[in-house]
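Since every read-out is calculated from the coordinates, none of them should be taken as a lab result. Note that the structure is predicted; figures quoted are calculated from it, not measured.
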Amino acid sequence: MKIAIVILNWNGEKLLKKFLPSIIKFCNIENVEIVIADNASTDNSVEFIKNNYPSISIVKNKINGGYAKGYNDALKKVNADIYALVNSDIEVTENWLNPIITTFKNEPYTDIIQPKILDYKNKTKFEYAGAGGGFIDKYGYPYCRGRIFSELENDTQQFNDVTEIFWASGACFFIRSKVFHNLKGFDEDYFAHQEEIDLCWRAINNNSIIKYVGTSTVYHVGGATLKEESPRKTFLNFRNSLFTLLKNLPKKKLISIILTRLILDGIAGIKFIFELKPIHTLVIIKAHFSFYNNLTKMLKKRSRTKPKENYYTLKSIVWEHFILRKKHYKETL
């Protein structure tokens, strides 16, 4: 089983200097190679790799197509059984690969895996992007074991298990190459954010199983490309979530859930006004108009999927968290 650790890079010389050594140190096992997928960087990151790590392969993309197109373009040129898509701001740990490789070998129907993701800046806490494995609620809002909205749990080994999840984090995302290419990769219209949720949902609709392996740990900085408070990030998250619902919801739930979601997004926009963040309210409106403008395109993509009924939880995490004041994943069960 050949594993390719593929790191998407865009002007990330500082991140590569800081985090590449841990990946090299703990990937020194048979049939594992490291690949830098460069998204048309304009800094010296490519030269840094060539000069300091000449044995590492570099795939150069012609343009910066974001996370989605960046990986789609690069992985056409990477030959491996398993792709490990690892952010450039990830620090890996000793023995992080072995539990994941073992799971792939022992479970032929498991096609996507994520490790435990902790916060690099506070290593006792789960990190926002993936934490202990991802789910989405009735209305398409993502949450994780160890993270509900911005509420992050301390890691007390409560999620040191191996379990089925709904989506795996794009920060450290393992997928069988044949599955990735059969699904035509990430949706490039997303650019970045939530494309991994869409891919996972399409994989589930195609009978794949997605697992969280909590015996493997990595640390993630988070926000290294787009900061948490970035209006661009707000725009992509709200719009892309609507894209995902439109493409993957079962037909009989499609209209009612999307209409409810649009209303909830409006409430979120009002909340931003009270928080003195009116720019985020404006980008939610912009995200909705972008969604409307792309309806026809996304409906065509929907026709290529086979939405299933038993796809995700029927609870509303918005209700559980903001109304019932539940802060931890286990309180929502």
*For the stretch 92-220, what are the per-bin percents of Cα-Cα distances with bins 5 Å wide, up to the bin holding the maximum?*
2, 11, 22, 25, 20, 13, 6, 1
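Provide the convex hull volume over Cα atoms per residue for the stretch 40-163, in Å³.
Numbers: hull volume 21.4 nm³, N = 124.
So the per-residue hull volume is 173 Å³.
Please tell me the relative contact order of the stretch 228-290 in percent, rounded to the nearest whole number, where contacts are Cα pairs under 8 Å and at least six residues apart. Please report the intermediate quantities before stating the final value.
Details: 40 pairs, mean separation 31.1, N = 63.
Relative contact order comes out at 49 percent.
Of all DSSP beta bridges located in the chain, what percent are antiparallel, nearest 5?
So the antiparallel bridges amount to about 50 percent of the total.
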*Is the stretch 65-119 best put as rounded, prolate or oblate by its Cα gyration tensor, with a ≥ b ≥ c the root eigenvalues, rounded for a/c under 1.5, and otherwise prolate when a/b is larger than b/c, oblate when not?*
oblate
*Over the C-alpha atoms of the chain, what are the Rg and the largest Cα-to-Cα span, Dmax, in Å?*
19.1, 56
_Taking the convex hull of Cα positions in the stretch 159-264, its mean projected area over all directions (nm²)_ = 8.2 nm²
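Compute the Cα gyration tensor for the stretch 158-221, then decide on rounded, prolate or oblate, letting a ≥ b ≥ c be the square roots of its eigenvalues: rounded whenever a/c is under 1.5, prolate when a/b is larger than b/c in the other cases, and oblate in all that remain. Provide the component values of the computation, followed by the final result.
On the way: a/c = 2.14, a/b = 1.41, b/c = 1.52.
Because a/c hits 1.5 or more and a/b fails to exceed b/c, the stretch 158-221 counts as oblate.
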*What percent of all Cα-Cα pairs in the stretch 231-332 falls in each 5 Å bin, counting up from 0?*
2, 11, 19, 20, 19, 16, 8, 3, 0
*Using only the alpha carbon atoms of the stretch 1-99, find the Kirkwood hydrodynamic radius as the inverse mean reciprocal pair distance, in angstroms to one decimal.*
13.5 Å
